[in-house]
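Here's the structure, in C-alpha cells; my notes come after.
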Amino acid sequence: DEGGDPPRVWSPHGDYPGTAFTRSLGDSIAEELGVHAIPEMMTRELTPEDKIIVLASDGVFEFLTNQSVIDICAKFTDPLEACRAVVAESYELWLQYELRTDDITMICIFVDDVDVNSALASSVLSADALDLGTPKAKEGDDECCDDLVASTQRPVRRTMTTAKSRALVKVRLRSVRDVTEESEEDFDVASLYTEKTEEQKERIAEAIRASVVFQNITDAQRELIYKVMEPMDVKAGQWIIKQGTVGDRFYIVDEGSFDVRILSEGQEDDGQGGNCVHVYEGSRERHCHPSFGELALMHSAPRAASIIAQTDGHLWALHRYAFKKITADKGARKDAEKVLKRINVFKSFTSDELKDLAAHLCEATYGKGDTIIEEGEVGDTLFIILPGGSCESVRTEADGASKISVLKGDDFFGEEILKGGGEKKYLSTVTATSKGTYFMLQKADVKRVMGSKRQGGTNMA
C-alpha cells in the first residue's frame, strides 16, 4: 500500500485471498502463495541510546504513530503510567472516529542502562540458531516472491493507516474552510486570552504533543493556543460531557479523576451515564495529563461518551472556534511579520525575532465608530489593521491644529508606546470607520520575547 499499510497477498489467478498478514496457521490456499506459519525472528542489539521499549497491539497504532507513542511514554518516569496514558489516548481516538475499538494492549519497558560489553558477549537468538528453517521457494515461483522470502525486511507501518490518514486530512481541511462559511461574529477570541506561567504552558504542551490534531501547528499558533486555553475548576460529580450532545470544546485533565461512561444502544440512562469503560487520571506530580473531546475541534458531532468528574479537579478547555481561527490565520500572521518589519523599533530584528513577536499577536474585532485608542491615555498595546478594516486617526499638532489620517489594512498605530522607558501615552485618537479585525501586540510581550535575546540592545523599556 502506498501509505505504508501492510501489503495484501493476492493469487495471480483471482481476487483471493486478499490477506493483510504474512503469517497464518492452517490457511492452505495462502500457504501456496507464501503465507506460512513459521514465525519471523528479528533481533536488535540494545545500545545506551535505547531508553524505551514498547510492545503493543495494532489497536494502539490505528491512530497513533510510533513517534506519537514514544512521545507520550517519554513524559513519564513510571512505565505503568506511560501505558495507561497511551491506552487512554488510543481508546479516546477510537471512540471519536469509530463506533468500535480494536484490541488495545501494551507493554512498556524503560531501559535504565545497557552493559555494552555484556550485550556483545551474549548469544543472540535467530532463525538459524533455532533451526526453524525458511520456506523453500517452489519451482515456478516468480523471482519477486523469492526476494520477499529471502528478505529480512518486514513491512512495518510507521504512519497511520492510509484510510484513517486521508479521512483526518479531509476533516482538518473542512474545519479550516468552515471558518469562512460559518457565522462566528459573536465569538470573541480575545475574551479568552489569559496569561499562562511557563509551568502551565509545559503541562499543556505535554498533553497536546502526541495529538494528531496538533501535529502540524506552528510555534506561533502554539503560543496562541496557550493563551486561549480556558482554566476550569470542577467539582466531584460534575458532568463535563454528556453522550449524544454536540460538543464544542477539547479538554486537558490538569488534575483529578474523570469517568468515561457509555450508554449502550437501547440502554436507559439511570442518571449515572451508563457503564464506566475508562477513567482519566490527571496529576501534576506524576506529569500525567490525558485529554478528551478532540473531535470537537474539527467539526460538530455528537459526543460518543459522557465524562463525569470522580473528584474535584482542574481542566484546560479549548473552544473549537478559537482553534479554527488560530489554525486558519497562518497567512495573515505571516503578513503581520512584514508589517512589524516596517516599524522603526523592529527594523533591526531578525526574521526569527519577528516570528517570535508575531507568535504573541492577539486578535480582536472592533465595530464601526468604536474608539480603539485615545490621545493622552497611557497605552500598552500596538495595533495592526488586518485587510478589510479601516480607521481614522486624529492627532493634535503643536499649534493646536488637528491632523487627520486615514488608516487601512496592513497599517499600524500605537507604536509610540514602545519607545523609551516608563509609561507612554498615545499621541492620537484612532476610531474604526468600518467593522474590522486587528492584531494586538502587548508591550509586555515584546519585553518578554526580546529580554533574553537583546540584553540592553533596544530602546524599549
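Structural remarks
- When each of Asp233, Asp254, Asp270 is tested for being surrounded by fewer than 21 Cβ atoms within 10 Å (Cβ to Cβ), assigned to a strand (DSSP E or B) and among the charged types (D, E, K, R), the lone residue that passes is Asp233.
- The one condition from (1) closer than 18 Å to Gly414 by Cα; (2) open to solvent by less than 10 Å² (accessible area, probe 1.4 Å) that Asn344 does not meet is (2).
- Checked against the criterion of being touching a residue at least 12 places away in the same chain (Cβ under 8 Å) and closer than 21 Å to Cys362 by Cα, segment 392-406 contains not a single residue that satisfies it.
- Restricting segment 219-230 to residues that are open to solvent by less than 40 Å² (accessible area, probe 1.4 Å) and modelled with pLDDT under 85 leaves a set whose member that is nearest to Glu337 (Cα to Cα) is Ala220.
- Total residues in segment 52-94, condition in a helix (DSSP H, G or I) and farther than 15 Å from Ile104 by Cα: 8
- Hits in segment 275-298 (condition: assigned to a loop (DSSP other than H, G, I, E, B), out of contact with any Gly (no Cβ under 7 Å at 6 or more places or on another chain) and under 23 Å from Phe63 (Cβ atoms)): His287, Met298
- Residue list for segment 88-123, filter: under 25 Å from Leu46 (Cβ atoms), among the aliphatic types (A, V, I, L, M) and modelled with pLDDT under 85: Val114, Val116, Ala119, Leu120, Ala121
- No other residue among Lys338, Lys324 is assigned to a helix (DSSP H, G or I), among the basic types (Lys, Arg) and open to solvent by 10 Å² or more (accessible area, probe 1.4 Å) apart from Lys338.
- Among the strands (runs of 3 or more DSSP E) confined to segment 368-428, the ones with at least 2 residues that are surrounded by 14 or more Cβ atoms within 10 Å (Cβ to Cβ) and small (Gly, Ala, Ser) are located at 390-396.
Results for (1) part of a strand (DSSP E or B); (2) of a type in the set (S, T, N, Q); (3) open to solvent by less than 100 Å² (accessible area, probe 1.4 Å), shown as yes or no for each residue.
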position	(1), (2), (3)
Trp10	yes, no, no
Asp15	yes, no, no
Gly18	yes, no, yes
Ile29	no, no, yes
Gly34	no, no, yes
Glu45	no, no, no
Asp50	no, no, yes
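- Of all residues in segment 313-363 being more than 27 Å from Ala296 (Cβ to Cβ) and hydroxyl-bearing (Ser, Thr, Tyr), the one that is farthest from the chain's Cα centre (by Cα): Ser348
- Members of segment 173-200 that are open to solvent by 30 Å² or more (accessible area, probe 1.4 Å), at pLDDT 50 or above and not β-branched (Val, Ile, Thr): Glu185, Asp186, Phe187, Asp188, Ser191, Tyr193, Glu195, Glu198, Glu199, Gln200
- Within segment 341-354, being in contact (Cβ under 8 Å) with a residue 60 or more places away in the chain, in a helix (DSSP H, G or I) and either in contact with a helix residue (DSSP H, G or I) (Cβ under 6 Å, 6 or more places away or on another chain) or aliphatic (A, V, I, L, M) (or both) holds for one residue alone: Val345.
- Test: Ser257 is modelled with pLDDT of 90 or more, within 23 Å of Gly313 (Cβ to Cβ) and of a type in the set (Gly, Ala, Ser): yes
- Of residues in segment 201-216 being outside any helix (DSSP H, G or I) and either buried (at least 18 other Cβ atoms within 10 Å of the Cβ) or among the hydroxyl-bearing types (Ser, Thr, Tyr) (or both), the one nearest to the chain's Cα centre (by Cα): Ser211
The values are calculated or read from the model by the stated rules, or taken from the named source; none is laboratory data. Just so you know, these numbers come straight off a predicted model, no measurement behind them. Reconstructed Cβ throughout: ideal geometry from the backbone, glycine too, with neighbour counts over all protein chains shown. Note: areas computed on protein heavy atoms with side chains; ligands, DNA, RNA excluded. Shrake-Rupley method; radii C 1.70, N 1.55, O 1.52, S 1.80 Å.
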